Structures are given as structure tokens and as C-alpha cells.
Amino acid sequence: MLNISVRQLHYFLALVQAGSFSRAAEAIGVTQSTLSAAIQALEAELGATLIDRTGRRMQMLPAGEDFLARARDIVALIEELPEHARQAERPLTTRLRMGVIPSIAPFLLPKVLPATAKAFPELQLTVREGLTRSLLESLRSGTLDVALVARPYDLDEFEIAEIGRDPFLLAVRRDHALANRDSVEASDIDDQPFLLLETGHCLREHVMAAIGSKPAQMSGDVHATSIMTLVQLVQFGMGVTLLPQLAIKAGVTRGTDLSVVPYEGKYNFRSLVLAWRTNAARRNEFQLFANHLRSNCLQDI
């Protein structure tokens, strides 16, 4: 039988995060020799070398890379056990750490927060806004419980629940030739100066998938980081863009000279999903929370 302690796993994860024995030892408050002995004992128990110590810099070996993902899962599960035991009879009554992407957070949270406080008054909901890649990494490491993100995106390693579909609409100035159309297709905007969020925002990839290709006249000089900035750029006549209906219904174009026109492309929506680790001890709770979001916060889209 393996004799691996939770402390050894914590030490290994701290070493990976810090990148050196000296920094890791300082971060967790032990001597470097104590840390080194713990890692050596872990390797002996596993029968594999995890870390290459021969060079000036610590290097992770293939066995270490494989063990890292498993160690993170194990530690996350262990840390969830007390909370999971308390929640077995009374779900959604303690803490829930949720990540939300920037193209959803400002438009949906004003509905989610009060509705959740009413439905689950004992729930301690914490929210962190971040880009999809960062939120998914936090799910993997166990520092977030769930993440509210959008597809298309590679989420195969996570369990997900779709909570709604968010259609795209074309935003143009009211004096634009397309402003009075009943709907538009990709071919209608192929020759238009097209505005996108900067690389790293998943909404950029969603919009590019919706129009079927990279826009022919995409502005390389514009690096918007928010939907509000895109709205202002369209307002000043710098181009057109696709906006999610969630943002429009929240009022991003209110008080502007913009018109919005339904977009009828092949992929004319993004899918809003709640994601969590497939082996999460609280997955039944997370599904309950997803059902709550779907029923109480997304009726209007």
C-alpha cells in the first residue's frame, strides 16, 4: 500500500508553483532540507523521479508532469471533503467560488447576485472575473468551484451544463446602410470594417466563428478589451461588430446612435455554460446551481 501524505502532495504542488526549492520552502514555512526530504520520500514511494535536480534550474520530468495533474485533483478533493459532508443534507448553504468571463459578468451578475441571495440565503457566493483560460486553470487547481464561460471552447475535460444560448446581433450606426435591415448574413458584412476584442477574449473567437472567417477588413489598429469599448468605436464610425444579446438587453447601446440587427449566420449564437471538474465531490450541488441560473437568471435571452 502506498504511504503518501497530504503534506507531501502540498509540498510538491508548492514546489511546482514556486519553481525552486528555496522559494517553495520559504512560501510554506519549512527549511529547504525538510522540503527536499519530503519530495525524495514521495519519489521513493512512487518509484519514479519527478524532478530533475542536476541543472541550475529545477526541471519537471515526464513522470512529474503526469503526477502533477493527479496531485492537484487529489488535493482539491480532500479539501472539499469537510464542506461536502456539511452540504450533503443542505446543498448550497456554505461557500461557492465562481469565475465569470468579462463578456458575461457585467451583464448577468446584476441578475445572478440578487436571485441567488433570495434562493439560497445561506450561500456564500464569491465571484472572480477573468479570461476563460485563467478561470479553467483555477478550476483545475481547485481555487474555483465553478466557472461561467461560453462555447465554442474546448471544455472536454470538464463537466458542463448549458444554461442558455446568447444570440448575436450586428451593431451599426443608425445612418449605416445596414441599419434598417430585418436581418443580416455573413456576406452582408464581408466588406465592412469589422471590430473585434483583442486576442485572449473568447468572445473574439466566438464572433469569428459566427462570421465564418477572419474579417477581410478587420482593423489591426484597434485592440478593444471590453464590449463597452467596441460600442464606443462603432458609435464613432470606426466599423461594425457583432454583440451578444445579453449585453444589448443589459443596455450597452442605450443612449447611443447605434442600431442592432439580428444576425442570421450559421453560428449565430454562443452557448453559456457552467463548468466544473468532472470528479468534483459537489457536482450535484453545481448542477443544482446551474439549474437555478437557467430558470431564474436567463429567461430573457
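Just so you know, all these numbers are worked out from the coordinates, no wet-lab data involved. The structure presented is a predicted model; accordingly, all values stated were derived computationally and were not measured. All Cβ positions, even for glycine, are placed from backbone atoms using ideal geometry, and neighbour counts span all protein chains on display.
When shorter helices are ignored and each DSSP H run of at least 4 residues is given -39500 (n - 2.57), the per-residue value for the chain at 222 nm works out to -13000 deg cm²/dmol. Annotation: the residues Glu264, Glu205, sorted from fewest to most other C-beta atoms within 10 Å of their own C-beta, follow the order Glu264, Glu205.
Derived scalar couplings between HN and Hα for the range 227-243 equal 5, 4, 5, 4, 4, 5, 5, 5, 4, 8, x, 8, x, 10, 7, 9, 10 Hz in order, rounded to whole Hz, by the Karplus curve 6.51 cos²θ - 1.76 cosθ + 1.60 (θ = phi - 60°), x for Gly and Pro. Label reach from Thr143 (point 7 Å along Cα→C-beta): in the range 269-301, no amide nitrogen lies under 16 Å.
Computed over the range 6-84, the P(r) curve from all C-alpha pair distances, binned at 10 Å from the origin, holds 19, 52, 25, 4, 0 percent per bin. Counting only the Cα atoms, the chain fills a convex hull of 168 Å³ per residue.
Note that the range 28-41 has calculated 3J(HN,Hα) couplings of 9, x, 10, 6, 5, 5, 5, 5, 4, 5, 5, 5, 5, 5 Hz, one per residue in order, obtained from phi through the Karplus relation 6.51 cos²θ - 1.76 cosθ + 1.60 (θ = phi - 60°); glycine and proline are x. Against the compact-protein benchmark of 2.2 N^0.38 Å, the Cα-based radius of gyration of the range 201-298 scales to 1.34.
So, counting K/R as plus one and D/E as minus one, what does the shell of residues with Cβ under 11 Å around Val184 add up to? Let's see the in-between values first.
On the way: positive: Arg181; negative: Asp182, Glu185, Asp188, Asp190, Glu264.
Net local charge, Val184 excluded: -4.
In this structure the amide hydrogen of Arg128, modeled in the peptide plane, comes within under 5 Å of the amide hydrogens of Met98, Gly99, Val100, none closer than 5 places in sequence on its chain. Here the residues His10, His176, ranked from fewest to most Cβ neighbours within 10 Å of their Cβ, fall in the order His10, His176. 3J(HN,Hα) along the range 285-296: 5, 5, 5, 4, 5, 4, 4, 4, 4, 5, 7, 10 Hz, from the Karplus curve 6.51 cos²θ - 1.76 cosθ + 1.60 with θ = phi - 60°, whole Hz, x for Gly and Pro. Taking 7 Å steps out from each Cα toward its Cβ at His223 and Arg283 produces label points 4.1 nm apart. Pairs of Lys residues in the chain are counted when their Cα atoms are under 24 angstrom apart and they lie 8 or more places apart or on different chains; the count is 4.
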